[in-house]
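Read through the structure below, which is laid out as structure tokens, and then see the notes.
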Amino acid sequence: MAKTDDINTSTNPRYQRYRPERYSPRMSIFWWVHKKPFVKFIVRELTSLFVAAYAVLLIFQVRALSQGAEAWEALVAWFSTPFSIGLHVIIFLFVVFHAITWFNLAPTAMVLRIGKKRIPGGVIITINFLMWIALSLAIATLILAR
Amino acid sequence: METTITLEVQRYLPEKDTEPYFQEYKVPLRKKWVVLDALNYIKDNIDGTLSYRWSCRMGVCGSCGMMVNDKPVLTCATFLEECLPGPIRVAPLSYFDVIRDLVVNTDGFMDKLKRVKPWLITDQVKPVPEGEYRQTPEQKAEYDQYSMCINCMLCYAACPVAGLEPEFVGPAAIALAQRYNYDSRDEGRKQRNEELLGEGGIYSCTLVGECSEVCPKAVDPAGAIQRYKVSGAAEWWKSVVVPWGDT
Ligand code: SF4
Ligand code: FES
């Protein structure tokens, strides 16, 4: 909590006496705990770490692939441990939360029109979700139908 | 006897206080009273030293914005009955410097508005005899929403980024930039980009989204900023792919 002292350097004593000293509120690092929307925002931001974790796992897979069959087998073995499966489930849940919250925000960034009419936000969100499901299914069939 | 409601009003008198504090006042709870009526009642009948801003009393001038129960609102548009059972906490807009009681310093905000060059910019000014710059209703609709801003600064009091990063030009100023960027008569986007694609510009926004929630005029500044990010990124890509082109 501090006061700013940056204004009114007038030497006129009348103004000196009543010189307004402003009060500058300071923000605590826990500014976000008091309000629900802020907590939700922070959680959404933190889920990016889990998205990054997925990316790191993918990089490990690519590396193992480039190192040959042995390295790949070792990685697959590690992936099958209960620890790794648990980790994947947790990451998956956070990534889903991340995706859903971001898809719900899509209409704020997109103003699309058909003729003169603006496409309502709900439609944009629905299209996003449908595309997400369709792409996920396509990739899943690609992988599972070996 | 008339029922009353308690207001806890934040006071700060720079000539004697070093920290703000809350003072309680009991005011009549009347059906048609807004928070601003209660403040006026206090000033007229209980404590004439209380300072706050207001003017139109009808949600137009944008000067009566305050935190009511920790939410930035226009006090002339917030009924006492919405805040039952009380007490109602009234404080100056968050993140702004306080000059006195509920009066905040708006200098920084005014400078930010200027930074985005909120006027029609044309490459060549058309001579008057050539007539006016025409616009169809559809073209007007493109920016109409962004022109509704009343500069109440509620969106700044709702935006933690504006609080943490005083350099951030902020929601209303970016919406104002878009009001001109989307105007068919304007050619100033490039100049505004210089101000807004850099430090303290649109990319400081982390999309908390609260600015649009609190805006009393449905300006949707959060939307204005995200649209700017999309077009800013598109222009950047274009400049990479076609460096010789005019973006
Ligand atoms: S954008 Fe809305 S909340 Fe922000 S200053 Fe303008 S009217 Fe007020
Ligand atoms: S007094 Fe003008 S907006 Fe409230």
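The values are calculated or read from the model by the stated rules, or taken from the named source; none is laboratory data. Computed from a predicted structure; not experimentally measured. Cβ coordinates were reconstructed from backbone atoms using ideal geometry, including for glycine residues, and neighbour counts include every protein chain displayed. SASA here: full protein model, heavy atoms, side chains in, ligands and nucleic acids out. Shrake-Rupley method; radii C 1.70, N 1.55, O 1.52, S 1.80 Å.
Observations on the model:
- For chain B, the mean residue ellipticity at 222 nm estimated from helices alone is -9000 deg cm²/dmol, where every DSSP H run of n ≥ 4 contributes -39500 (n - 2.57) and the total is divided by all residues, rounded to the nearest 500.
- Of the trypsin sites (Lys or Arg not before Pro) in the stretch B:67-162, the ones in a loop by DSSP (not H, G, I, E or B) with at most 11 other beta carbons within 10 Å are B:Arg134.
- Alpha-carbon spread of chain B, three principal axes, descending order, Å: 75, 39, 32
- Integer Hz, Karplus 6.51/-1.76/1.60 couplings in order for the stretch B:191-206, x for Gly and Pro: 5, 5, 4, 3, 7, 9, 8, x, 3, x, x, 4, 6, 6, 5, 10
- Dividing the summed helix terms, -39500 (n - 2.57) for each DSSP H run of n ≥ 4, by the number of residues in chain A produces a 222 nm estimate of -23500 deg cm²/dmol to the nearest 500.
- For the stretch B:76-130 and the stretch A:91-116, distance of Cα centres in Å: 30
- Heavy atoms of B:Phe96 accessible to a 1.4 Å probe, total area in Å² rounded to 10: 20
- The modelled label-to-label distance for the pair B:Ser231/B:Tyr21, using points 7 Å beyond Cα in the direction of Cβ, is 5.1 nm.
- GNM remark for chain B: springs join alpha carbons under 10 Å apart, and the peak mean-square fluctuation among B:Cys83, B:Cys215, B:Cys149 falls on B:Cys83.
- Antiparallel DSSP beta bridges within the protein assembly as shown, as percent of all bridges there, nearest 5: 90
- Rough spin-label spacing in nm, given labels placed 7 Å along Cα→Cβ, for A:Gln67 and B:Arg134: 7.1
- If both residues of a DSSP beta bridge must be in the stretch B:4-104, then about 85% of such bridges are antiparallel.
- Around B:Asp37: net Lys/Arg minus Asp/Glu count, Cβ-Cβ under 9 Å: +3
- Neighbourhood net charge (15 Å Cβ-Cβ; Lys/Arg +1, Asp/Glu -1) for B:Ile121: +3
- A simple spin-label model places the labels of A:Ser28 and A:Phe60 3.8 nm from each other, with each point 7 Å out along Cα-to-Cβ.
- Rounded to 10°, Cα long-axis angle of helix A:82-109 versus longest principal axis of chain A: 50
- Taking all protein chains together, B:Ser51, A:Ser66 sort by accessible area into A:Ser66, B:Ser51, largest first [probe 1.4 Å].
- Per-residue Karplus couplings for the stretch B:227-242, computed as 6.51 cos²θ - 1.76 cosθ + 1.60 with θ equal to phi - 60°, are listed in order as 5, 5, 4, 4, 6, x, 5, 4, 5, 5, 4, 4, 5, 7, 6, 10 Hz, Gly and Pro entered as x.
- The Cα atoms of the protein assembly as shown define a convex hull whose projected area, averaged across directions, is 30.8 nm².
- 0 to 90° range, to nearest 10: angle between helix A:36-67 axis and chain A longest Cα axis: 40
- Cα centroid of the stretch B:154-216 to Cα centroid of the stretch B:20-35, whole Å: 34
- Measuring with a 1.4 angstrom probe and ignoring ligands and nucleic acids, A:Ile90 comes out at about 90 Å² accessible.
- Candidate residues B:Met110, B:Met58, B:Met153: accessible-area rank, largest first, probe 1.4 Å: B:Met58, B:Met110, B:Met153
- Förster radius 25 Å - calculated FRET efficiency between A:Arg113 and B:Leu164, Cβ distance, rounded to 0.05: 0.10
- Fraction of alpha-carbon pairs over 27 Å apart in chain A - percent: 55
- Under 18 Å from A:Lys116, Cα to Cα: lysines that are on another chain or at least 8 residues apart: B:Lys140
- In terms of distances greater than 30 angstrom between alpha carbons, the cross-link table entries B:Lys114/B:Lys229; A:Lys36/B:Lys16; A:Lys36/B:Lys229 yield A:Lys36/B:Lys16.
- Ordering B:Tyr228, B:Tyr52 by accessible surface, largest first, gives B:Tyr52, B:Tyr228; the 1.4 Å probe counts only protein heavy atoms, with every chain in place.
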